[in-house]
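Derivation of every value follows stated rules applied to the coordinates shown; laboratory data play no part. All figures in this text were calculated on a predicted structure; none of them were measured in a lab. Neighbour counts run over all protein chains shown; Cβ positions are idealised from the backbone, glycine included.
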Amino acid sequence: MEREQAIERISRLSEEIRQHNYRYYQLAEPVISDFEFDALLKELESLEKEFPDLVSPNSPTRRVGGDITKEFNTVFHRYPMLSLENTYSEGELRDFDARVTRLLGEDCEYVCELKIDGVSISLIYEEGRLVQAITRGDGVRGDDVTVNVRTIHSIPLWIEQGDIPGLFEVRGEIFMPRAGFDRMNRQREDEGESPFANPRNATAGTLKTQDSQLVARRPLDIFVYYLLGDNIGGETHFDRLNMLKSWGMKVCDVRARCAGIEQVLAFIHEVGESRNQLGFDIDGVVIKVNSLAHQEKLGYTAKSPRWAIAYKYKAEEARTRLVSIDYQVGRTGTVTPVANLESVPLSGTIVKRATLHNADVMAALDVRPGDYVFVEKGGEIIPKITAVDLLSRHSGSGPVQFLTHCPECGSVLFRNEGESAWYCPNETGCPPQIKGRLVHFIARKAMNIESLGEGKIEMLFDNGLVSDVADLYELTEKDLLGLEKVIRSEDGKEKKLSFREKTVQNILEGIDKSRSVPFERVLFALGIRYVGETVARKLARHYHSVDNLMKADAGDLITVDEIGDKIAGSVLDFFQNPLNLELITRLRNHGIQFTSSHEEAAQSNILNARLFVVSGVFTTFTRDGIKKAIEANGGKVSSSISSKTDYLLAGENMGPEKRRKAETLGVKIISEGDFIRMISA
Ligand code: IVH
């Protein structure tokens, strides 16, 4: 690859990976499978190997994990929580074995364990008491979620064994067994809540919940797999697992000591055959060098131990027949084709539907009803079709034409130039769009009306009580009491759901509370196309009020960081629509925030568009936190130093290269303390 191309590709890959990391670690809403994610990361790693001078200190290959959420106290890990090198190939496992034996100068024994697909946690015990439970966070600092973790029954709160170290740390994986997950999801659906996509998302979401009572009701469990501390004893990793077990910790029994790589591969095959019967999700097998002396000799790279590797199973694939294609209309009118399949078991569940994404994907796959197709499960609940088995296609079928009219309201669909999605233009009359906007409005990151869920919104809409978001604020007790819905479960049984006094009270209180949600989230809640959480925040911080935003023209809008022509056009369209203006007036009359509060506004412009480059590690901020603080105060952040840079914000361990470059270009170097003084001036 040419250097120019490499620069471009590295920057694209880094941004893509950053986005996926954010979705995975922060939102717990991954959109691609681990396999696809790892492929991106591997591509970036190999490009960086080829062009070492293009490696940025902010490259995702240098990072161990995700960013930190601010909801819980952020605390440092005593020992960084490293990740594992991973592979999908047996050949690379053999390479790992060859490397280990070469470095050790002798053969070694391995321990194979399951790679549990959950959320990793660090548990700290002092004098036998559980004192702290910290999520992985970015590997250096994580969230203190002790209150939540204490509710998990399989984690001992104190250990009564006499002979235990005064201070030690246990690492493990919190997960949700499948049976509990299915039960919980069924109950959520019965109560009108949206189901979780998979057990891992449910676990991550639960651990970040601030109501520990709710956590206690969720079926969380743990397997521990690593013991750390000074003077712990034991000569092997296997001894330590046994020690943990004897202290009452839950260690997974599916594990083995293996005399060499052949036995490791045999274990991997055996587990691969039976993984669907485990009752919980795994995504691979972890192979660890057993002797602690060997582990010490092998040591660590910056990101992972040299004495361990994870073998990941490829997503399972199934072959089945495509019966028909449905079209779903989303909140913004996007029409998504969905395949109805002949039921087929896949990774422990029965698959009946798969997404076809959009007209372009559908055309590229050239799927036709009656075809045999291959389906694969990524991170999401809805599997996807990866290919058509052309050899078994019956003659006589022709390519499927995408719909021309909305399946819900009959409007003629349109497509924007350069986009793959088809849209239904009937924003105000198309039921799934109306319901979708309502569901988006009440979501946690928008108005956070927890007392309403998708099912309840549907009931309100079906009963003609709400048809836009302002209607929510006009609901009365009389409207809601006794409202009924018949729910039919998969086995055909019918159940009636009816609103009682307590539910009604909760709903009304939840709606009332949303009046204090800050402007930036209100702006996001309005559901303007392309205005996600970040863009809404940027617009709100720039304009401070909806009135200012409404006055902005395209030229003005694109001066805001991250706003380009597409978003600007969408914002203008939204405010040009008289129906939206009326909606805002009604919401305003109901006391919804359309102006930034004083604190939000006060944070806004002190840095006056100064350009910062951030490098190193900080004490009071996470790396992302300090960037957010710069932006929140009107500054801008860039990843590389140039003559346009105003300040290099230097943390600890900043590379000498950066300093030299800043000095050569005359860029001012400031410390974290200087920065804090700047923004509190
Ligand atoms: S050992 C220093 N063992 O996989 C070694 N990790 O990709 C630390 N995981 O962050 C990890 N099951 O969350 C280890 N039996 C197991 C595991 C396991 C799941 C997770 C863990 C880790 C990630 C690395």
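Which residue, chosen from 82, 116, 101, occupies the Cα position most advanced towards the positive end of the dipole of the range 64-194, where the dipole is computed from +1 (Lys, Arg) and -1 (Asp, Glu) charges on Cβ about the Cα centre? The listed residue farthest towards the positive side: 82.
Other residues lying with their Cβ under 13 Å from the Cβ of residue 618 contribute a combined charge of -1, Lys and Arg counting +1, Asp and Glu -1.
From helices alone, the chain scores -10500 deg cm²/dmol at 222 nm; the rule is -39500 (n - 2.57) for each run of n ≥ 4 DSSP H residues, then divide by the residue total. Each label point was placed 7 Å from the Cα along the Cα-to-Cβ direction; for residue 551 and residue 326 their separation is 4.8 nm. Extension gain, residue 387-residue 586: 0.36 nm per intervening residue step, less the Cα-Cα distance, totals 66.7 nm.
Over the range 313-355, what is the mean sequence separation of C-alpha contacts under 8 Å (at least six apart), divided by residue count, expressed as relative contact order in percent?
Working: 67 pairs, mean separation 14.9, N = 43.
Dividing the mean separation by the residue count of the range 313-355 yields 35 percent.
In percent, rounded to a whole number, the relative contact order of the chain is 9, using alpha-carbon pairs under 8 Å and six or more apart. Here the dipole of the range 186-260 is about 140 debye; that uses its Cα centre as origin and unit charges on the Cβ of Lys and Arg (positive) and Asp and Glu (negative).
For the range 384-430, applying the loop criterion from DSSP together with a ceiling of 10 other beta carbons within 10 Å to the GluC sites (Glu not before Pro) yields 417.
About the Cα centre of the chain, what is the dipole size in debye to 20, counting +1 per Lys and Arg Cβ and -1 per Asp and Glu Cβ, all else neutral? Don't jump to the answer; show the numbers that get you there.
Values: 86 positive and 102 negative charges, 150 e Å.
Computed charge dipole of the chain: roughly 720 debye.
Pairs exceeding 20 Å between alpha-carbon atoms, taken from 314/377; 49/297; 644/668: 49/297.
Using a Förster distance of 30 angstrom, determine the FRET efficiency expected from the C-beta separation of residue 99 and residue 12, and round it to 0.05.
Details: r = 31 Å, r/R0 = 1.05.
Here the calculated transfer efficiency is 0.45.
For a paramagnetic label modelled on residue 235 (point 7 Å from Cα along Cα→Cβ), amide N atoms under 14 Å away belong, within the range 97-131, to 109.
Tell me, Kirkwood radius of the range 139-258 from alpha-carbon pair distances, in Å? Working shown, then result.
Working: mean 1/r = 0.0620 Å⁻¹.
For the range 139-258, inverting the mean 1/r across all distinct Cα pairs yields 16.1 Å.
Judged by the gyration tensor of its Cα atoms, with axes a ≥ b ≥ c, the range 123-186 is oblate; a/c meets the 1.5 cut and b/c is at least as large as a/b. For the chain, the Kirkwood hydrodynamic radius from C-alpha pairs, put into Stokes-Einstein at 4 °C and a viscosity of 1.567 mPa s, yields a diffusion coefficient of 46 µm² per second. Take the Cα of residue 350, step 7 Å toward its Cβ, do the same at residue 194, and the gap between the two points is 2.6 nm.
How charged is the neighbourhood of residue 236? Take every other residue with its Cβ under 13 Å from the Cβ of residue 236, and add Lys/Arg as +1 and Asp/Glu as -1.
On the way: positive: 240, 255, 257, 288; negative: 109, 235, 239, 296.
Value of the local net charge: 0.
For the range 151-247, the relative contact order is 43 percent, taking Cα pairs closer than 8 Å that sit 6 or more residues apart in sequence and dividing their mean separation by the residue count. Candidates 617, 673, 634 compared by Cα position along the dipole of the range 616-681: farthest toward the positive end lies 634, with charges placed on Cβ.
Once the other residues with Cβ under 13 Å from the Cβ of residue 305 are scored (Lys, Arg +1; Asp, Glu -1), what is the net sum?
Values: positive: 99, 171, 288, 297, 303, 306; negative: 85, 296.
Counting the neighbours of residue 305, the net charge comes to +4.
Looking at the square roots a ≥ b ≥ c of the eigenvalues of the Cα gyration tensor of the range 419-474, which shape do they give, rounded for a/c under 1.5, prolate if a/b is larger than b/c, or oblate? Verdict is oblate for the range 419-474.
Simple spin-label estimate for residue 534 and residue 46 gives 2.8 nm between the two label positions (7 Å along the Cα-to-Cβ direction from each Cα).
With a/c under 1.5 counting as rounded, go ahead and sort the range 321-384 into rounded, prolate or oblate using the C-alpha gyration tensor (a ≥ b ≥ c being the square roots of the eigenvalues; past the cut-off, prolate if a/b is larger than b/c, else oblate).
Values: a/c = 1.84, a/b = 1.29, b/c = 1.43.
It comes out oblate by the Cα gyration axes.
Taking a straight Cα-Cα cut-off under 21 Å and skipping sequence neighbours fewer than 8 places away in the same chain, the lysines within cross-link reach of residue 250 are 115, 288. At full extension, residue 90 and residue 476 could sit 132.6 nm farther apart than now, given 0.36 nm per residue minus the alpha carbon distance. Length gained on full extension, residue 620 to residue 638: 4.4 nm, using 0.36 nm per residue less the C-alpha separation. For the range 367-484, the convex hull drawn through the C-alpha positions has a volume of 188 cubic angstrom per residue. Counting only DSSP beta bridges with both residues in the range 581-681, the antiparallel share comes to about 10 percent. Applying the Karplus relation 6.51 cos²θ - 1.76 cosθ + 1.60 with θ = phi - 60° to the range 408-420 yields 3J(HN,Hα) values of 9, 10, x, 5, 6, 6, 10, 9, 7, 3, x, 10, 8 Hz, where x marks Gly and Pro.
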